[in-house]
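Below is one structure, written out as structure tokens; the observations come after it.
Quick note: the coordinates plus some simple rules give every number you see, no bench work behind them. Remember, predicted model here, so these are calculated numbers, not experimental data. Heads up, the Cβs are rebuilt from the backbone with ideal geometry, glycines too, and the neighbour counts pull from every protein chain shown.
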Amino acid sequence: MNVDIGNVIATADSHGLSEAVLDRLDERVGRAHERIDSGLANREFGYASLGLPSDTDPTVIRDALARFDPDAVLTVGIGGSALGADTVTAALGLEGHYTLDNVDPVYNRRLLERLPLERTLVNVVSKSGTTAETLSNFLVVREALAAAGVDWTERTIVTTGDSGPLRELADAHDLPTLPVPDGVPGRFSALSPVGLLPAAALGGDVDGVIDGGAAGRASLSPSLFETPAYAYGAVAYALENRGVTTNAFVPYAESLEPFGEWFAQLWAESLGKDGLGQTPARALGATDQHSQLQLYRAGRKDKLVTLVRPRERDDLAIPDTDIEELSYLGGKTLGELLDAEFEATEASLAAVGQPNVRIEVDRLDAEGIGELLYGMEAACVLCGELMGVETFTQPAVEWGKRAARGLLGGGDFEEADAVAEKTVRWIE
């Protein structure tokens, strides 16, 4: 992974950063790296996430899948239990991975109606085994399998913790299981069985993904000037301190769109604490140049625009045309057009003092997506260290979970009482 921060330095007259600021910040990065390195070595909660490339054994994943040869994989999970898997399968171009990560009854019914259930592997993911959305969806899926004449126990694999209802269910029915790694919050689990199982089931190169993550780990050093991931995390931190409170994350590859969704959870849930944290805004290049770039270029200068692309990709020629105004496109490729759009956007932002960072990998393959996932995790952890927040917790999310459970009769939770206190004023 390579990170270009030139258009942050170039905008130092507005919200950008001077070389002197970066030099001073680098001393703090060195101290933060020592803390990260210690936490990683001791596999402390959260810091253990950065050890996954070496702690994940792909053989264990393949062994758990030995009895299956599916045409499709249906992941039943939510948040970190699903977004990493979506990111990996999409980046590798694997067909046949579907996700139930919401409890929208209309969408879920339509998906189950069109899936070939007799040839689908159901991948249920919940560390606690008590996640209401995941367990509810799984019960619905089980019923759909039964209605289709399919034995759900022959089509289900479970990824969960050492205890809980889902673990008990798997043990009772002798279902193949995989572990959710200890000390790793869900949003940091993409390089574990949580994120890799669907890709492995569909023939993807999970060894390469792990190797890419390992390359990201090997790149960590005590200086932002030598560590691309730390450069990104440090710049994001420093810009937020200057009022840059939105991070517009714009990959320039269709298959990286789920990566943007994964990044949004990682950044928001990890860093949104104590009145701090950038708001991630998801976009897709070049599509959203026609829907959001106007705001990024001419709106408030409160944004960091993060542009992501592979340096090499498969390409497709643009046919010649006899339309004179379009003749300049003849002999070019879609890849050349996309790269031109990327570089024009980057330059247009810099021209108006809008900070932007370029992130690149050599290719969008197994190693490339593994390196990107690891790099963004390391950047997030570094940013959290500099901010002084509890990067690996999510208390606001837990509040909402307790409120919802109380509303459904799952216990007596004071958070549920707050719902009844809502001020209602309908305008009809």
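List of remarks:
- Normalised radius of gyration (Cα atoms, divided by 2.2 N^0.38 Å) for the chain: 1.03.
- Relative to the longest principal axis of the Cα atoms of the chain, the long axis of helix 395-407 makes an angle of roughly 40 degrees.
- Taking other C-beta atoms within 10 Å as the exposure proxy, 109, 114, 62 rank 114, 109, 62 from fewest upward.
- In loop segments of the stretch 369-428 as defined by DSSP, the chymotrypsin sites (Phe, Trp or Tyr not before Pro) with at most 10 further C-beta atoms inside 10 Å of their C-beta are 426.
- Pairwise centroid distance, computed over Cα atoms, of the stretch 280-324 with the stretch 208-243, Å: 24
- Gyration tensor (alpha-carbon) shape descriptor, the stretch 260-385, a/c threshold 1.5: oblate
- Order of 160, 321 under a 10 Å beta carbon neighbour criterion, fewest first: 321, 160
- The angle between the Cα long axis of helix 132-147 and the main principal axis of the chain comes to about 60°, on a 0 to 90 degree scale.
- Kirkwood-type radius of the stretch 50-204, with distances r between different C-alpha atoms, in Å: 15.2
- Listed by chain and number, the aspartates and glutamates whose alpha-carbon sits under 16 Å from that of residue 273, ignoring those within fewer than 8 places in the same chain, are 240, 385, 390, 398.
- Residues 97, 290, 173 in ascending order of nearby Cβ atoms (within 10 Å, fewest first): 290, 173, 97.
- Shown here for the stretch 175-255: GluC sites (Glu not before Pro) in loop regions (DSSP other than H, G, I, E, B) with at most 15 other Cβ atoms within 10 Å, namely 226.
- Charge dipole (debye, nearest 20) of the stretch 50-204; +1 at Cβ of Lys and Arg, -1 at Cβ of Asp and Glu: 280
- GNM result for the chain, Cα springs below 10 Å: residue of 153, 87, 120 fluctuating most strongly: 153
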